[in-house]
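What follows is a short report on a single structure.
The values are calculated or read from the model by the stated rules, or taken from the named source; none is laboratory data. Fair warning: this is a prediction, and the values are worked out from it, not measured in the lab. Positions of Cβ are generated from backbone atoms using ideal geometry, with glycine treated the same way; all protein chains shown enter the neighbour counts. SASA here: full protein model, heavy atoms, side chains in, ligands and nucleic acids out. Shrake-Rupley method; radii C 1.70, N 1.55, O 1.52, S 1.80 Å.
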Amino acid sequence: MPTHAHHPTTEPRTESSGPRPGADDPLQREKSHLAASRSALRAMRADAEALNIADVTANWVNAEVLQGEIDARIKALADLSHTPLFFGRLDYLHAPGLDLAEGATGENFYIGRRHVHDADGDPMVIDWRAPVSQPFYRASKKDPMDLKLRRRFGYTGGELTAYEDEHLTDPTEAARTSALLQSEIERPRVGPMRDIVATIQPEQDEIVRAGIGGSVCVQGAPGTGKTAVGLHRVAYLLYAHRERLARSGTLVIGPNRSFLHYIEQVLPALGELEVKQATVDDLVGHVEVRATDEAAAATVKGDARMAEVLRRAVRSHITMPQEPCVVVRGSRRWRVPAYELEEIVQELREREIRYGAAREALPQRIAHAVLVRMEQAGEAPDDRVQDAVARNAAVKAAVKAVWPPVDPAKLVLRLLGDAEFLAEQAEGILTPEEQKTILWTQPGSGKRAARSVKSAKWSSADAVLIDEAMDLVARTPSLGHVVLDEAQDLSPMQYRAVGRRCTTGSATILGDIAQGTTPWATDTWQEALTHLGKPGSAVEELTQGFRVPREVIAYASRLLPAIAPDLAEATSIRESAGDFEIRTVEPADLTAATLTACDDALAKEGSIGLIAADARIPALRTALEAAGMSCLAPGEETSAEARLTLVPATLAKGLEYDYVVLDEPAAIVNGEPDERTGLRRLYVCLTRPVSGLTVVHAAALPEQLAGR
């Protein structure tokens, strides 16, 4: 059972400042409980490892499935030495109901990343997702939620070294900011993204614990923890609806591979090992992408109107029957006239079901018409006869003539390579200029359309069109829950591609309108949610920052009137203003000055990101190598020996570093097709630091950054 503890001071109590170690030392007692909990976790893992399934499985298939589940359980019970097993304790005034406390009967509960019980089955650590844990995140002096004490623990290298108490029902104790909480928020960010399970704030917890029945969109300013909130929401939903989501599946969608690599350790640290991760390009990877569209072409291809163009193109293959269908069975001939076939085809067209599903239904409809004639002639055919008629050569020929099979990739190949076919399908939808923009070939250009799907130089936008066409032919399977991060950058057609993956499930949409860095970036979340097929979903706004220093977010927010005038300016709860410096240099000295700024940052603790316009990356990499300064690529894990990452501006989104050196802002803005997109890209880059930012520039800074 969890032990009771006396109430020490509300200031953080460390080993050096606490009372003499012994039986009356609360810190020592908490250390003892930690040691006992770790021992219990090891015993739980040993029990799982000792399971023998030889006598409980009927065949090797069942054995493989069960062994896989056991292996996953063993992996989830790993004791990560540098990850605190519990980070808080709740002392209730009254014992919660047994159903709330997972069988616990006491009034004190240790809150951690996973449930741990002793040999008798009594809980030693309660999962942070359990209802009894919720007051750890939401209780306050105004609403103590039946708590008399909330204790937070501080750790150093996995060892418990401090604790801090809040007596929520003590009127003499003033509400104050938790020093341990502040310290955890501001801890240096060496390595991949970590969970925020110990620091979730009340407004974040509301989103994390929102029900699975509806979708949630989170508009989050830089540093507000929206990505972490989305990942913790997945972990919570898997806890609360595990059986349902185990059947239907969950998926996290990120903007690029570097981002996915950066976040990939968060869910495993919370004990969730089965959540898949992908980019939108991964979802629609039906063809090899070997080309990049011009912005104008990509914008038209990504427009929601293309869905109707594709629908028309698919259905253009349907032709009304001109001849009757004559089925020969034995000595009898059964004739279905053309007008009746036309009625069947027309009825299937009007039902607007998938092209492939209608094509599969058509032979059965024709066979049914034949069976009606058989019955009228006195025969008594059954279902087997109908199936046989549906497979008859004459029926197959009739179906192929009026409702031929459609290959989605070949369809898009024709649409983009055949001006006449495109004009027919896009009439009244796309202007002639827009049609020319997306055509692979234009009259007089001397270029030829691709001859085959394999030889075509497909772009990412083309792959999305193929995915749309595939769904028009056959329904895309739906998952139980999808998390879509950096959602503001998607085109309407990409939103549709994601939406198809959760038509019968729910979604968590994360993003920031101000960080939209594609020409087709969404202007409103309502528009995006409509394209996703989730209109009317709740939109929550996070404006309280935990990551970006106050001075840095204030400086970056100068761009908001130009890039997202309707958004509220973000604030930061960080007590440290952060290091912030702008260094103006001569053009000839730019690269050397940038390296000097990196050298200065490396003298401090934590990770360093050197962010620059994509065009500047090769020169900076060469200069770093010449100076003997090793650097990582985005997404690669930093370590004590390798802390500097060279980041192209286009890959900076979603990443964070303790210190950022930003090279030549004007080059970042000029690297984009228009000024708004360029300024949004700059806003993203400016808001990557956790502790400090140094801007190095030779060209004039954008006028929007001038003081207000």
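Checking Ala394, Ala369, Ala388, Ala358 one by one, the residue that is assigned to a helix (DSSP H, G or I) and either among the β-branched types (Val, Ile, Thr) or under 47 Å from the mean Cα position of the chain (by Cα) (or both) is Ala358 and no other. You will find that of Val385, Val406, Val402, Val412, the residue that is without any contact (Cβ under 8 Å) to a residue 60 or more places away in the chain and surrounded by 13 or more Cβ atoms within 10 Å (Cβ to Cβ) is Val385 and no other.
Checking each residue in segment 615-634 for being among the charged types (D, E, K, R) and open to solvent by less than 70 Å² (accessible area, probe 1.4 Å) picks out only Arg616. When the criteria are applied in full, Ser183 meets the requirement of being open to solvent by 20 Å² or more (accessible area, probe 1.4 Å) and of a type in the set (S, T, N, Q). Taken together, the residues in segment 525-553 that are out of contact with any Pro (no Cβ under 9 Å at 6 or more places or on another chain), touching a residue at least 12 places away in the same chain (Cβ under 8 Å) and either small (Gly, Ala, Ser) or at positive phi (or both) amount to 3. Counting only helices (runs of 4 or more DSSP H) wholly contained in segment 499-565, the ones carrying 1 or more residues that are modelled with pLDDT under 95, among the acidic types (Asp, Glu) and farther than 23 Å from Ser478 by Cβ occupy 550-556. Scanning segment 125-159 for residues that are assigned to a strand (DSSP E or B), more than 22 Å from Glu173 (Cα to Cα), touching a Lys or Arg at 6+ places or on another chain (Cβ under 8 Å) and among the hydrophobic types (A, V, I, L, M, F, W, C) gives a single hit, Val125. For segment 635-687, which positions are open to solvent by less than 10 Å² (accessible area, probe 1.4 Å) and among the aromatic types (Phe, Trp, Tyr)? Across segment 635-687, the qualifying residue is only Tyr683. If the condition is being at pLDDT 90 or above and either out of contact with any helix residue (DSSP H, G or I) (no Cβ under 7 Å at 6 or more places or on another chain) or among the small types (Gly, Ala, Ser) (or both), then segment 95-109 contributes only Asn108.
Has segment 418-427 got any residue that is modelled with pLDDT of 95 or more, part of a loop (DSSP other than H, G, I, E, B), open to solvent by 60 Å² or more (accessible area, probe 1.4 Å) and over 30 Å from Gln364 (Cβ atoms)? Looking through segment 418-427, at least one residue is modelled with pLDDT of 95 or more, part of a loop (DSSP other than H, G, I, E, B), open to solvent by 60 Å² or more (accessible area, probe 1.4 Å) and over 30 Å from Gln364 (Cβ atoms).
Taking the criterion of being open to solvent by 50 Å² or more (accessible area, probe 1.4 Å) and outside any loop (DSSP other than H, G, I, E, B), the residues of segment 566-585 that qualify are Thr571, Asp579, Phe580, Glu581, Ile582, Arg583, Thr584. Every residue in segment 514-553 that is within 23 Å of Leu705 (Cβ to Cβ), open to solvent by 20 Å² or more (accessible area, probe 1.4 Å) and not charged (D, E, K, R), please. Result: Thr518, Pro519, Thr543.
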